[in-house]
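This report refers to the structure that appears directly beneath it.
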Amino acid sequence: MHPLVTILIYMIAGITTGLLFALTGIPGAPIAGALIGAGLASMTGQLDIAEWPSGTRIALQIGIGTVIGTGITKDAVDQLQSLWRPAILITMTLVMTGIVIGLWSSRLLGIDPVVALLGAAPGGISGMSLVGEELGVGAAVAALHAVRLITVLVVLPLLVKFINLLGPANP
């Protein structure tokens, strides 16, 4: 099969499931759906491995960075004046926890330390998968983050609803 046809099939699978997941209204669901759709297409064994045109990954990284960057508004930066301490505490805690869990998982479960560290990292699925891809472990990292993302997208909204049922937070 021609490589561009293969890529087109993967894109159709990813776009279709991404759009279906978007209908759920869950934040982040479209990227998880696209990942699952393309992954399922790949797992069938009926398609060749996608051979993306040169520069595609860089273009995707720039696109993802641009989408994320547009969310950094003046208001968000202004909020950092009061949130910089929690931002540092949360970031350091997540990074250290990711390192500990990654190394622990690698040792206890016998998985590649690079996969374990990137899979336990607090970054988003797209960013960490692209970093993993550059290191030759993108699919494994994407799978770990997909499980995490789907779990978080299901559990946290339910937890927030439950907490709201208990009553208002402290004034």
- Query: From the list 132, 119, 127, 102, which one is assigned by TED's automatic domain parsing to the domain that holds residue 148, in contact with a Gly (Cβ under 9 Å, 6 or more places away or on another chain) and in contact (Cβ under 8 Å) with a residue 60 or more places away in the chain?
  - Reply: 127
- Given the residues 24, 6, 56, 66, which is the only one that is free of Cβ contacts under 8 Å to residues at least 60 places away in the same chain, loosely packed, with under 10 Cβ neighbours inside 10 Å and among the hydroxyl-bearing types (Ser, Thr, Tyr)? 66
- Failed item, numbered, when residue 51 is tested on (1) part of a loop (DSSP other than H, G, I, E, B); (2) touching a Gly at 6+ places or on another chain (Cβ under 8 Å): (2)
- Given the conditions (1) of a type in the set (Val, Ile, Thr); (2) not assigned by TED's automatic domain parsing to the domain that holds residue 143; (3) not in a helix (DSSP H, G or I), report the number of the one that residue 68 does not fulfil. (3)
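The values are calculated or read from the model by the stated rules, or taken from the named source; none is laboratory data. Here the structure is a predicted model, which is why all the values come from computation and not from measurement. A quick note on method: Cβ atoms are made from the backbone with ideal geometry, for glycine too, and the neighbour counts reach across all protein chains shown.
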